[in-house]
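The values are calculated or read from the model by the stated rules, or taken from the named source; none is laboratory data. Bear in mind the structure is a predicted one, so any value in this text is a computation, not a measurement. Here the Cβ positions follow ideal geometry from the backbone for every residue, glycine too, while neighbour counts run over all protein chains shown.
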Amino acid sequence: MHFNMTRVDSRDKLPQPGQPDPLSHCKEKDVDDCWFYFTYSVNSNGEASVHVVETPECPSGPDIIPIVAGVVAGIVLIGLALLLIWKLLMIIHDRREFAKFEKEKMNAKWDTVSWEAFISIKAMIVGEE
């Protein structure tokens, strides 16, 4: 089969529907994951006409900066969350220990001795020497 091939600069310059000949718009992916676009039509005489966009559209690679920033921010936020959880657990533990200490202090079985009694006993011991 014989056909006429025409190269165009962009997809916008490809022929659009509305011609007397049936027109098909096509896109294909090549081995580099780039899309190339073309149209073909066959007129009443059996002659095929193909229009091809010269430069294929290749996807750009992923943007590295947002990916790295997201990973770093995620690690920092997880670390902060773990620190806050640890701090909360320490506060709860300390309050329990303090309450336990206060309870033991209230249940003390010894009598409180005033300083005057201690000083008078000390004076008696020192005076004997």
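Observations
- Of all residues making up segment 32-81, the number that are touching a Cys at 6+ places or on another chain (Cβ under 8 Å), of a type outside the set (D, E, K, R) and farther than 18 Å from residue 8 by Cβ: 1
- Of all residues in segment 10-46, those satisfying the criterion of being at pLDDT below 85, touching a strand residue (DSSP E or B) at 6+ places or on another chain (Cβ under 9 Å) and of a type in the set (D, E, K, R) are 11, 13, 21.
- Residue 98 surrounded by 10 or more Cβ atoms within 10 Å (Cβ to Cβ), out of contact with any Cys (no Cβ under 6 Å at 6 or more places or on another chain) and modelled with pLDDT under 90: no
- Among the residues of segment 1-22, those that are under 17 Å from residue 56 (Cα atoms) and outside any loop (DSSP other than H, G, I, E, B) comprise 5, 6, 7, 8, 11, 12, 13.
- Contact annotation: residue pairs with Cβ atoms under 7 Å, 6 or more positions apart or on different chains, pairing a residue in segment 43-62 that is in a loop (DSSP other than H, G, I, E, B) with a partner that is modelled with pLDDT of 85 or more and among the basic types (Lys, Arg), are 54/7.
- Subset of segment 48-90 (residues that are surrounded by 10 or more Cβ atoms within 10 Å (Cβ to Cβ) and of a type in the set (Val, Ile, Thr)): 50, 52, 53, 55, 67, 68, 71, 72, 75, 76, 78, 85
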